[in-house]
Structure formats: C-alpha cells, structure tokens
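First the structure, in the form of structure tokens, and then the observations on it.
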Amino acid sequence: MHLEDQHIIDLYWTRHEDAVSQTADKYGAYCRTVARNILDRAEDAEECLNDTYIGAWNAIPPARPAVFGAFLATITRRTAIDRYKSRKRQKSHLLLWRF
C-alpha cells in the first residue's frame with residue numbers, strides 16, 4: 001500500500017530513512033519511464049533514478065512540494081538530460097581523438 005504524498009514528504013522532513021523507499025515504491029516506475037524516454041540505456045536510467053532520490057533528499061527540506069509526482073519528474077528529467085548531454089560530449093570527444 002502506498003503512503004499519501006504528504007506523509008512521504010513528512011518522512012523527508014524528519015530525515016526518516018523510509019522516505020526514499022516509499023518514494024521508490026510509489027513513483028519509481030513513473031520516474032523510470034521519464035528517464036527512459038530521454039536516455040537510451042537502462043543502466044543510465046537506473047542511475048538517474050538513484051540521483052533523483054538523492055536530489056529529493058537534498059531538496060526536502062527546505063522545499064515542500066505541492067505536487068510530489070511533478071517535483072520528482074522535474075528532478076528526473078533534469079538529471080536525465082544532464083546525463084544525456086554528458087554522454088553525447090563523451091562520444092564526440094572520443095570521435096575527435098580517433099582521427
């Protein structure tokens with residue numbers, strides 16, 4: 001059974017270790033889909049999920065998101081885009097060194 005969003009946010013505020021596991025249980029599949037829509041590798045998407053949970057942990061407090069799912073999706077999307085750009089830079093850098 002999933003907890004209500006405000007209860008999960010309260011867990012973050014009190015720094016309770018269940019905050020991340022409850023977030024993963026309720027929003028893990030959703031955030032994974034957001035990441036996979038941007039990234040082509042499942043491994044990158046999984047790393048992005050871990051970064052999302054760390055990002056939420058670091059942002060709450062002081063943030064108290066009104067729409068928790070959208071808050072997590074924003075973190076996931078930004079993390080995935082950063083990872084995508086980093087991979088693209090690495091590939092272009094490697095291509096330059098081949099010639």
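The values are calculated or read from the model by the stated rules, or taken from the named source; none is laboratory data. What you see is a predicted model; the values in this text were computed from it and never measured. All Cβ positions, even for glycine, are placed from backbone atoms using ideal geometry, and neighbour counts span all protein chains on display. Ligands, DNA and RNA are stripped out before the accessible areas are found, and what is left, the full protein with its side chains, is counted by its heavy atoms. Shrake-Rupley method; radii C 1.70, N 1.55, O 1.52, S 1.80 Å.
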Run the numbers on the chain and let me know its relative contact order in percent, using alpha-carbon pairs under 8 Å that are six or more apart. 30
Between TYR30 and ILE54, what is the label-point separation in nm under the 7 Å Cα-to-beta-carbon projection? 2.3
At 1.4 Å probe radius, can you tell me the per residue accessible area of the chain in Å²? 66
Between 0 and 90 degrees, rounded to the nearest ten: what's the tilt of helix 18-38 against the longest Cα principal axis of the chain? 30
With every protein chain kept in the model, how would you rank ASP51, ASP82 by accessible area, 1.4 Å probe, largest at the top? ASP82, ASP51
Magnitude of the Cβ-charge dipole of the chain, K/R +1 and D/E -1, about the Cα centre, nearest 20 debye? 800
Inter-site label distance for LYS91 and THR74 at 7 Å from Cα along Cβ, in nm: 2.9
Projected area of the chain, taken from the Cα convex hull and averaged over every viewing direction, in nm²? 6.8
Whole-percent carbon and sulfur contribution to the accessible surface of the chain (1.4 Å, no ligands, DNA or RNA) stands at 56
Helix 68-98 sits at what angle to the longest principal axis of the chain, using alpha carbons and giving 0 to 90 degrees rounded to 10? 20
